[in-house]
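Chemist: Take a look at the following structure, please.
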């Protein structure tokens, strides 16, 4: 019975192309309002960040020019949303008039695919070398339709499951523990010292001070200072920020990576503070919190198709406003904030983000991190 069902050749080509790009090349559909008879797919890690399958008939060059104009308008919006400087589009036309002259430029490549052998096109093969073999099937008719439909649905379910796992809110146990340690340290400074605003008490409990950290080799202060706070408002502000930002970072990166990012950000913040300050007592979790924002910035960039607007409207403005506040208000250790931000971003780069195991990015992150550390350590312990 299935063999008697005839599927339109153009529809069959669309199904085969959609199946290939979704299941083999990890492309995701883009929902665009007001766009008909064409399918848009994105994969920001591919040379062709967008693949567009065009089903409607382009009958002359004027219509093609309008089509190119429309594509550029939509692409510019996608570039803005995904924080992409460049976004090359592959236009696959299924129905093109004989007199139409396709054009390509640095931002787009256009090909005509009316039959399966047209996939031998050099522009396609250079990026997708297996597209011809992967779009040939033994199944026919409704059996093929069922296979393609099931494969695409399963691929989308698998992607949805992975995204749900990444973006689902988990209980931020490590964040709670860090908050508890900061509060405990604050209370102990009043029980066993003269309070959180007393310099001798701060030094006793592990605040950062160059003559002790560098001069006497008390390197533990690079970390312990991030658990101390000067005054109740300092503590409350930082703990609220840690709860909001830390909960997200821990949920995205997982407990172990999150703890590594937090501790290294704290060390990085302390080192840069020592580099720019002398005979100044430094304490507070804000440097490590800036590191978490740097890590979220790196995470958001990798998932910018979902978080691009969040990065532009929330993460970057929060970082900029807090840094400007630090420059304008006295008594704020902005060097520590910048050090934490750099340390958190680079540490996240080295550790990587879930489901984006890009080895080259991690190697580049390691190189940058080592260069940064070598420079800061030299300036603090040798050059200074």
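Each reported figure results from applying straightforward, stated rules to the coordinates on display, with no laboratory input. What you see is a predicted model; the values in this text were computed from it and never measured. With ideal geometry, Cβ positions are generated from the backbone for all residues, glycine too; neighbour counts draw on all protein chains shown.
Chemist: Could you order the peptides 209-215, 354-360 from most to least packed, using the average number of other C-beta atoms within 10 Å per residue?
Modeler: Output ranking for 209-215, 354-360: 209-215, 354-360.
Chemist: While we're here: Multiplying the sequence separation of residue 102 and residue 60 by 0.36 nm and subtracting their Cα-Cα distance, what value in nm do you get?
Modeler: 14.1 nm
Chemist: Helix-only mean residue ellipticity at 222 nm, the chain, DSSP H runs n ≥ 4 weighted -39,500 (n - 2.57), per residue, nearest 500. What is it?
Modeler: The helix contribution divided over the chain gives -18500 deg cm²/dmol.
Chemist: Between residue 184 and residue 243, 0.36 nm times their residue separation minus their Cα-Cα distance comes to what?
Modeler: Result: 19.6 nm gained on full extension.
Chemist: I've got another one for you. Starting with the highest mean, order 218-226, 235-243 by the number of other Cβ atoms within 10 Å, averaged over the residues of each peptide.
Modeler: 218-226, 235-243
Chemist: Right, here's the next one. Among 136-142, 182-188, 340-346, 265-271, how do they line up from the highest to the lowest mean number of other beta-carbon atoms within 10 Å?
Modeler: Final packing ranking: 265-271, 340-346, 182-188, 136-142.
Chemist: Given a Förster radius of 35 Å and the C-beta distance between residue 370 and residue 81 as r, what FRET efficiency does 1/(1 + (r/R0)^6) yield to the nearest 0.05?
Modeler: 0.55
Chemist: In degrees between 0 and 90, to the nearest 10, how far off the longest principal axis of the chain does helix 316-328 point, with axes built from Cα atoms?
Modeler: 30 degrees
Chemist: Dividing the Cα convex hull volume of the stretch 173-383 by residue count, how many Å³ per residue is that?
Modeler: Value for the stretch 173-383: 111 Å³ per residue.
Chemist: Return the whole-Å distance between the Cα centroid of the stretch 15-46 and the Cα centroid of the stretch 73-118.
Modeler: Using only Cα atoms, the two centres lie 13 Å from each other.
Chemist: Still on this structure: Roughly what angle does helix 9-19 make with the longest principal axis of the chain, taking Cα atoms, 0 to 90 degrees, to the nearest 10?
Modeler: Between helix and principal axis, roughly 20 degrees.
Chemist: Output the Cα-based Rg and Dmax of the stretch 2-167 in Å, rounding Rg to one decimal and Dmax to a whole number.
Modeler: Rg and Dmax of the stretch 2-167, Cα atoms, are 16.3, 50 Å.
Chemist: Another question about this same structure. With r as the distance between the Cβ atoms of residue 120 and residue 382 and R0 = 56 Å, compute the FRET efficiency 1/(1 + (r/R0)^6) and round to 0.05.
Modeler: E between residue 382 and residue 120, to the nearest 0.05, is 0.40.
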